[in-house]
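The values are calculated or read from the model by the stated rules, or taken from the named source; none is laboratory data. Every value quoted in this text rests on a predicted model; they were computed, and no experiment measured them. Cβ placement follows ideal geometry from the backbone for every residue including glycine, while neighbour counts extend to all protein chains displayed.
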Amino acid sequence: MKKIFALLLFVAVLALTACGTNDATETKADGEKPTIKIGYLPITHAVPLYMQKDTEYENYNLELVKFGSWPELVDALNSGAIDGASMLIQLAMNAKEKGIDLKAVALGHRDGNVLIGGKNIGSVEELKGKSFAIPSRFSTHNILLYEMLKKHNIGYDEVDVIELPPAEMPAALAEGRIAGYVVAEPFGAISVSLENGNVLYQSEDIWQDSIDCGLVLRGQFIENNKELVQSFVDDYIAGGDLAQHKDDHTHDVVSEYLTVEKEVLDLSLQWISYDNLAIEKDSYEVLRNALIEMELSKNPPTYEDFVDVRFVN
């Protein structure tokens, strides 16, 4: 009985030691490449990941895990089911504020968010009293809506702001269930291409250098795998450089992850850029202050606490 008890105690200690390490290198046999699991939604804001996945690398495998909604992705990231994600920065900031150890290491893109009005909406003033969709309260899209309304002296509460999954927004607009929306691409381009909507504003016309989606990793994964993370982020940045070419190869790779017509993808890529993916402090402070002003967060994480600047030069 003593031997059995000792064996059970050893197994329990071993299990506790292994749980939550989130260390890709420790789970692999000698010579076997570790696998990095990164969550994403099928949007053009995650294109650097798609381009990165298209290439084989010597010291790791990249597994992209597709999710259908931001809440599902956040749950997987917070629980450690994935090592990181291309996601709305604000959702990661909110999780960080709640005690989840997350770090943002790079942007997903620059620009590329458009505020869409229905074909019968000729001005921002016509949105009063109507429904306008955003993907999440904790998003740059919500802040862009707030700033656009403020620019036209319209109170945020004068518009019925609702949350919808990105893929549902073009159909909701076409059916007249909403008067407009702002969301990640290519969903804005879909409505414009089908002539069901028009561009009220480009994001850079409202908020220059706005921070939207970013590459976020679990803090423990970073600390346990610094060299691996550096290689991974270097390749991610290289993927962004490839995406910026917006050539036939980019179209071919992106089409494996997004099911959209070529003219929709062309328009979406025209609006967005993938160079200079470093998260800059000035832009982050604008975001942080906006979250406080909109009363979405009382104490968003500081730049120093949330952004890991070691991996993007």
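Key figures for this structure:
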read-out: Matching option when the condition is surrounded by fewer than 17 Cβ atoms within 10 Å (Cβ to Cβ), within 18 Å of the chain's Cα centre (by Cα) and among the aliphatic types (A, V, I, L, M), among Ala85, Ala76; value: Ala76
read-out: Any hit, segment 153-160, residues being in contact with a helix residue (DSSP H, G or I) (Cβ under 8 Å, 6 or more places away or on another chain) and closer than 21 Å to Ala46 by Cβ; value: no
read-out: Any chance Lys98 is free of Cβ contacts under 8 Å to residues at least 40 places away in the same chain, of a type outside the set (Ser, Thr, Tyr) and in the same structural domain as Phe221 (by TED's automatic domain parsing); value: yes
read-out: Answer residue from segment 135-175, given it is part of a helix (DSSP H, G or I) and among the acidic types (Asp, Glu) and is surrounded by the most Cβ atoms within 10 Å (Cβ to Cβ) among those; value: Glu147
read-out: Neighbours by Cβ (under 8 Å, 6+ apart or cross-chain): first from segment 212-233, farther than 29 Å from Asn113 by Cα and of a type in the set (A, V, I, L, M, F, W, C); second assigned to a helix (DSSP H, G or I) and modelled with pLDDT of 95 or more; value: Phe221/Val229; Ile222/Val229
read-out: Scan of segment 57-97 for residues that are among the hydroxyl-bearing types (Ser, Thr, Tyr) and in contact with a Lys or Arg (Cβ under 9 Å, 6 or more places away or on another chain), ordered by number; value: Tyr57, Tyr60
read-out: In segment 262-313, residue surrounded by the most Cβ atoms within 10 Å (Cβ to Cβ) [restricted to those that are closer than 29 Å to Leu228 by Cα and aromatic (Phe, Trp, Tyr)]; value: Tyr274
read-out: From the options Leu258, Leu269, residue that is part of a loop (DSSP other than H, G, I, E, B) and within 21 Å of the chain's Cα centre (by Cα); value: Leu258
